[in-house]
1. With a sphere of radius 9 Å drawn around the Cβ of LYS2, what net charge do the other residues whose Cβ falls strictly inside it have (Lys, Arg +1; Asp, Glu -1)?
2. What size of dipole, in debye to the nearest 20, comes out for the chain about its Cα centre when the only charges are +1 on Lys and Arg C-beta atoms and -1 on Asp and Glu C-beta atoms?
3. In nm, give the distance between the simple-model label positions of ASP135 and GLN48, each being 7 Å from the Cα along the Cα-to-Cβ direction.
4. Please rank CYS100, CYS267, fewest neighbouring Cβ atoms within 10 Å first, as an exposure proxy.
5. Rounding to the nearest 20 debye, state how big the charge dipole of region 96-207 is about its Cα centre with +1 on each Lys and Arg Cβ and -1 on each Asp and Glu Cβ.
6. With a 10 Å cut-off between alpha carbons and a GNM built on the chain, which of ILE194, ILE71, ILE96 moves the most?
7. Note the full-extension length gain between ARG254 and ALA231 as 0.36 nm times their separation in residues minus their Cα-Cα distance, in nm to one decimal.
8. Pairs of Cα atoms under 8 Å, at least six residues apart: use those to get the relative contact order of region 106-185, whole percent.
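No lab work stands behind these numbers, since they all come straight from the coordinates. As the structure is a computational prediction, the values presented were derived from the model and not from experiment. Positions of Cβ are generated from backbone atoms using ideal geometry, with glycine treated the same way; all protein chains shown enter the neighbour counts.
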Amino acid sequence: MKELPIGFIDSGFGGLTVVKQSLKQLPNESIIYLGDSARTPYGPRSLQEVKRYIWQMTNYLREKGIKMLVIACNTGTAAALEEIRATLAIPVVGVIHSGCRTAIKNTTGGHVGVIGTQGTINSNMYEEVMLEKADTLNITSIACPEFVELVESQNIETDEALDIINHRLEPLKEAKVDSLVLGCTHYPLLIDKIQKVMGPEVTLIDSGVETINEVSTLLDYFSLSRTAEEAALTPATQAIYTTGNASEFETFARQWLKQPELKVQECDIKGEIIVDRHDS
């Protein structure tokens with residue numbers, strides 16, 4: 001079981017920001033990643049539809065064999081985390097709770113901003129989780145649907161991108177938030193521009209670091225961590241799949257993960273099979 005990879009799923013490129021953190025913090029662990037670029041973006045879709053897609057990807061990776069699942073997608077976490085966690089026998093981690101914990105810990109004035117897809121913002125999950133733990137917080141949330149499209153089209157380094165980001169974040173600047181949660185795993189790919197727009201006094205919260213801290217804790221708790229000695233005998237591997245164009249995904253993944261030899265494979269996912277939690 002320890003030799004199996006950690007599975008990561010997302011609507012496209014975005015979850016690679018979490019994978020990058022995993023490779024940095026957990027170098028002994030193998031990973032398998034599936035990005036559903038053929039159906040991105042998830043934000044405008046209903047949570048029920050997103051849940052179906054998350055289940056399809058989950059079952060695809062379970063057939064490959066994984067020891068833990070990371071839903072590296074905020075919309076996917078909002079739609080499906082609780083059901084998948086209650087159903088599967090392996091540990092399942094989302095990205096929303098870790099972002100909330102970090103925001104609560106880092107806010108200096110109690111005014112937190114949240115940006116995400118329309119689906120994530122509509123779910124109110126960030127507000128519910130944060131207010132349950134810190135009910136005096138003032139939270140301002142806005143949807144930024146164009147941000148995912150900027151990343152997926154690899155249209156980040158343009159004046160147009162900066163104009164879009166500046167326009168979308170104007171309400172948060174007016175609200176004078178002191179911390180801003182990047183409530184979509186695509187958004188760290190825009191972090192420099194977001195910081196430029198918001199100013200240096202605003203702390204940006206990237207949940208990737210905290211998510212992998214949680215993954216590390218659970219690996220130890222369930223005795224699933226691989227040691228350096230085990231990794232020396234059986235080196236860690238990285239397998240990347242996409243439902244979209246493998247060549248485009250490969251170019252992006254190689255650059256972002258700094259792995260020039262990385263291979264990306266196209267896959268076709270279908271079906272929705274919810275298995276008994278004791279099925280292994």
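1. Around LYS2, the charge tally is 0.
2. 420 debye
3. The two pseudo-label positions are separated by 3.3 nm.
4. CYS267, CYS100
5. The dipole magnitude comes to about 400 debye.
6. Result for the chain, Cα springs under 10 Å: ILE194 fluctuates most.
7. 6.1 nm
8. Taking the mean separation of contacting Cα pairs over the length of region 106-185, I get 53 percent.
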